[in-house]
């Protein structure tokens, strides 16, 4: 089976952590030996590469094509228009990548289906491309694409159109599946396939004895991740240290907050950390804390558990499906500094054996997810073969 994986959420040489969850799922699917894939992962066009332009410059420096883990990846450019861009993004995205996809077909990779990730704008653009190239499309919903964008009138209409065009829909948790169905999509066309965890990469490590109780939080420093709630909990947690792995626009605010609360000496900012190096930080911590306001299926929770480190997390969307047993960790009663502190104290009062945390994580290998994708893709192609094709 040949698939074209399509998403703006995909790593590149300049931003190796961007959308790594999409790449990881694809890597395990290809490793089954039953799928051959090419990736079209567009990046926004920007004319300048100087570092002073920050994230825009990184996009501009992304290679036009590369090989990642043996999978060929193309990064065509697409235009982004400020202010009005959200409503026209799917059209611009689809038009920009048509030539690259056409070349793939001309060069011999005549794929069987489009495997699209993130419903808006990517999934809508994929549905347009599916009609243009006469290919079935499977769209994976991952979080804010379903919990946020349908709140806008035009994106909602386009998301519903794409959902009707799609041959299949995947959600990364049951909570998102319920949300997709609530939009009016036939439940029979929506399957929940949760993300897994790489149990070889993330595994327990040697821990330093007699260290202070240490929290780690991993993620981009952006409003939705709400790391300020964790920093704000430190005055309520005497002696507890916090390690923050990640970078982003909120870093200055978080540093200032730590100084204002007189806890700066207990907070360490690591900056962006490559995924392969996260294991050491999970393993050195006593708990991983995630205070997000929105999460589809937070991979960092399982990564931490696979290293034997329990978690404290906000009770949002798919997170209760991840943290579903005492050995996994504790869910916050409320998303406030007090709620973080109370959950950390509850975990400390009944701290699980780290071996038990690891065993819990072992229930979430990628095998079931890969099997579910293969079954869905094969069913889509079998159904497709029954219907006469029309140019």
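Among 154, 26, 347, the largest mean-square fluctuation in a Gaussian network model of the chain, built with springs joining Cα atoms closer than 10 Å, belongs to 154.
Given a cut-off of 20 Å, what percent of all Cα-Cα pairs of the stretch 222-375 lie beyond it?
Details: 5802 of 11781 pairs.
Value for the stretch 222-375 (Cα pairs over 20 Å): 49 percent.
What share of the DSSP beta bridges in the stretch 214-364 is antiparallel, in percent to the nearest 5? Each step should come with its number before you reach the end.
Values: 1 of 18 bridges.
If I count the DSSP bridges inside the stretch 214-364, around 5 percent turn out antiparallel.
What ranking do 53-60, 190-197 get when scored by the average of other Cβ atoms within 10 Å per residue, highest first? Could you put the intermediate results ahead of the total?
Working: 53-60: 16.0, 190-197: 20.9.
By packing density, highest mean first, the sequence is 190-197, 53-60.
Looking only at 292, 32, 314, which one moves most when the chain is put into a Gaussian network model with springs between Cα atoms under 10 Å? Residue with maximal mean-square fluctuation among 292, 32, 314: 32. Each of residue 277 and residue 174 was given a label point 7 Å from its Cα along the Cα-to-Cβ line. The distance between the two points is 3.9 nm. Decide, for the stretch 249-295, between rounded, prolate and oblate: order the square roots of the alpha carbon gyration tensor eigenvalues as a ≥ b ≥ c, take rounded if a/c falls under 1.5, and otherwise choose prolate if a/b is larger than b/c, else oblate. Here the stretch 249-295 falls in the prolate category.
Full extension of the chain between residue 325 and residue 353 gives 8.8 nm of extra length, using 0.36 nm per residue less the Cα-Cα distance.
Tell me the relative contact order for the stretch 292-366 as a rounded percent, counting alpha carbon contacts under 8 Å between residues six or more apart. The partial results should precede the final answer.
Details: 106 pairs, mean separation 26.3, N = 75.
Reported as a whole number, the value is 35 percent.
Could you tell me what fraction of 2.2 N^0.38 Å the Cα radius of gyration of the stretch 69-171 comes to, as a two-decimal ratio? It would help to have the intermediate numbers written out before the result.
Working: Rg = 13.7 Å, N = 103, 2.2 N^0.38 = 12.8 Å.
Taking the Cα Rg and dividing by 2.2 N^0.38 Å, one obtains 1.07.
State, to one decimal in nm², a quarter of the convex hull surface area for the C-alpha atoms of the stretch 196-294, i.e. the direction-averaged projected area. Write out the running numbers ahead of the final one.
Working: hull surface 26.7 nm².
So the Cα hull casts an average projection of 6.7 nm².
Legend: P(r) of the chain from all alpha carbon pair distances, 20 Å bins from 0, whole percents, reading 27, 56, 16, 0.
Between residue 261 and residue 36, what FRET efficiency follows from the Cβ-Cβ distance if R0 is 35 Å, with the result rounded to 0.05?
Details: r = 53 Å, r/R0 = 1.52.
Step by step, r from the Cβ atoms, then E = 0.10.
Taking the chain as a Gaussian network of alpha-carbon nodes connected by springs under 10 Å, the highest mean-square fluctuation of the residues 186, 145, 210 belongs to 210.
Full extension of the chain between residue 362 and residue 110 yields a length gain of 87.0 nm, computed as 0.36 nm times the residue separation minus the alpha carbon distance.
Per-residue ellipticity at 222 nm, computed for the chain from helices alone with -39500 (n - 2.57) per DSSP H run of at least four residues, works out to -12000 deg cm²/dmol.
Where a number appears in this text, it was derived from the coordinates with a stated rule and is not lab data. Keep in mind that this is a model prediction, so the values were computed, not measured. Here Cβ is always computed from backbone atoms with ideal geometry, including for glycine, and neighbour counts include all displayed protein chains.
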